[in-house]
Amino acid sequence: MSISSEAIEPLSAEAPSVWSAIREALSGAHGRDFTEGPIGRAIFILAVPMVLEMVMESVFVVVDVFVVAHLGADAVATVGLTESFMTIIYALAVGLSIGAGAMVARRIGEKDADGAAHTGAQVLLFGLVVSLVLGALGAWLAPDLLRAMGGSPGVLSHVSFARVMLGFNASVVMLYLANAVLRSAGDAAIAMRVLWLANAINIVLGPALVFGWGPFPKLGIVGAAIATSIGRSTGALFALSRLVRPGSRIRIVSRHLRFDPALIARVVRLSSAATFQVFIGMASWIGLTRILASFGSDAIAGYTIGIRVVAFALLPAFGLSNAAATMVGQALGARKPDRAEASVWKAARYNLFFLGSVGLLFVLFARPIIGIFTAEAEVVRYGVAALRTIAYGFLFYAYGMVLTQSFNGAGDTATPTWINLFVFWLFEIPLAWLLAEHAGAGPMGVFWAITIAFSTLAVVSAALFRRGRWKTRMV
């Protein structure tokens, strides 16, 4: 990966080779203080497990859509429409994890491991209660939700997939939150193992339940939902077991589980802006999917495949962004704002090299890549258009992702919330609607709107980051 080329120079000051840093990263780096020492090495050690964690998530995303694509366009469209509603769950999970992560990282920077553990325990309890309520509502309303999104009769015949995915959303929330606590404390290697376990189960169990391999029943598309829920639940339980295990960087014990309304209120205040921020970005996909639905299942299916391939690149890049956020939070906790800022720009350059390389490959080889997933000509056509068009903006995405997460890592969740509100709701969705419905661009209008919006987000984020107000945020 491209990050190693820039990381070599600072690594040499402390270790004989890059490989020693990789070994330290994968083993957990339990004794390392990320507020001290060369920035390049610190980012590298944090980023390696975070990137590998997201690589496994990327593999699952691609394998999942590959399996479902064999069930036809209606099945893929069902996944796409259901995922548009799962974005609400992801927004909750990611928003809470941002707030909790900022507070945990700040406490670790202040050398207050007990305070970090208490914060983690309270947010996990809160997330569990909220996700269980949302799960009951989602499973009950699944048919109405698919119908409201313009799902065809073929899509509605797969409603069981939506019921399982929405009903078992607690597995998603708990997995996100537990891993956020681990990462923010500096235990990125453990978080990596958690997600690798969850997705390994998904990858093996998914096709077995969909196609009825061996002793498993043939469940069709609902088998994919069951496999995903089992995998994520297993991963979440493993992550929780590591948080209560003696010797962890932070350890949750019984006293941390006592209801602390004041702390929960602080986390919710910090996370509410972050949740709304993520919801704005993710809910925009609901609007985009709704626009695409008017062009039929082939357009939605092609877009779903294309966006899953895009996620294959963006998820590892998001791992590097998480590393930058952890560095920012811990550095500010240690009262080293200059180190925090230097970490962000260095991580952004690493991300630029990675996403620029992958984006070029997607532009050049979009058709054979999409052809791996489906042979339906119209689905391939839309998928190629989506992948190629969105990949044009990867250079901008590289900076935008790191900068947005760095605001969050500092506890400044308000700034990226306002940026997302402007870029995704006031700009991207109207632009997609105008291009697709009124400018005659059809689905291509939606694809171009995505690229333009993410590029705009990167430029605006960079301008606001340079002002430096995030350095004075207290959490």
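Values as computed for the structure displayed
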{"read-out": "Peptide ranges 194-206, 37-49, 352-364 listed from the most packed, as the mean C-beta count within 10 angstrom indicates", "value": "37-49, 194-206, 352-364"}
{"read-out": "Nearest-ten-degree value, helix 221-243 long axis tilted from longest Cα axis of the chain", "value": "10 degrees"}
{"read-out": "From phi via Karplus (6.51, -1.76, 1.60), per-residue ³J(HN,Hα) for the range 210-216 in Hz, x at Gly/Pro", "value": "5, 9, x, 6, x, x, 7"}
{"read-out": "The range 315-404: relative contact order as a whole-number percent, Cα under 8 Å and 6+ apart", "value": "40 percent"}
{"read-out": "Value of [θ]222 nm, deg cm²/dmol, for the chain, DSSP H segments ≥ 4, -39500 (n - 2.57) each, nearest 500", "value": "-26500 deg cm²/dmol"}
{"read-out": "Highest average packing first - 369-379, 256-266, 297-307, Cβ atoms within 10 Å", "value": "297-307, 369-379, 256-266"}
{"read-out": "Largest-first ellipsoid semi-axes for the range 262-331, taking √(5λ) over the Cα gyration tensor eigenvalues, angstrom", "value": "32, 19, 7"}
{"read-out": "Whole-number percent relative contact order across the range 139-221, with pairs defined as alpha carbons under 8 Å at least 6 apart", "value": "18 percent"}
{"read-out": "Bins of 10 Å, starting at 0 and running to the largest distance - Cα pair percent for the chain", "value": "5, 21, 32, 27, 13, 2, 0"}
{"read-out": "Rounded tilt (10° steps) of 377-391 against the dominant C-alpha axis of the chain", "value": "30 degrees"}
{"read-out": "Pairwise Cα inverse-distance average, inverted: Kirkwood Rh of the range 350-418 (Å)", "value": "13.6 Å"}
{"read-out": "Net lengthening on full extension, ARG269/ALA441 (0.36 nm per residue, minus Cα-Cα)", "value": "57.8 nm"}
{"read-out": "The chain, relative contact order [Cα under 8 Å, separation at least 6], %", "value": "22 percent"}
{"read-out": "Eligible lysines near LYS471 by straight Cα distance, threshold 28 Å, same-chain separation 8 or greater", "value": "LYS111, LYS336, LYS346"}
{"read-out": "Whole-Hz ³J(HN,Hα) from phi, Karplus 6.51 cos²θ - 1.76 cosθ + 1.60, for the range 347-356, glycine and proline x", "value": "4, 5, 5, 4, 5, 4, 4, 5, 5, x"}
{"read-out": "Net lengthening on full extension, LYS111/ALA136 (0.36 nm per residue, minus Cα-Cα)", "value": "5.0 nm"}
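No value in this document is a laboratory result; all are computed from the given coordinates. Here the structure is a predicted model, which means the values were calculated and not measured. Positions of Cβ are generated from backbone atoms using ideal geometry, with glycine treated the same way; all protein chains shown enter the neighbour counts.
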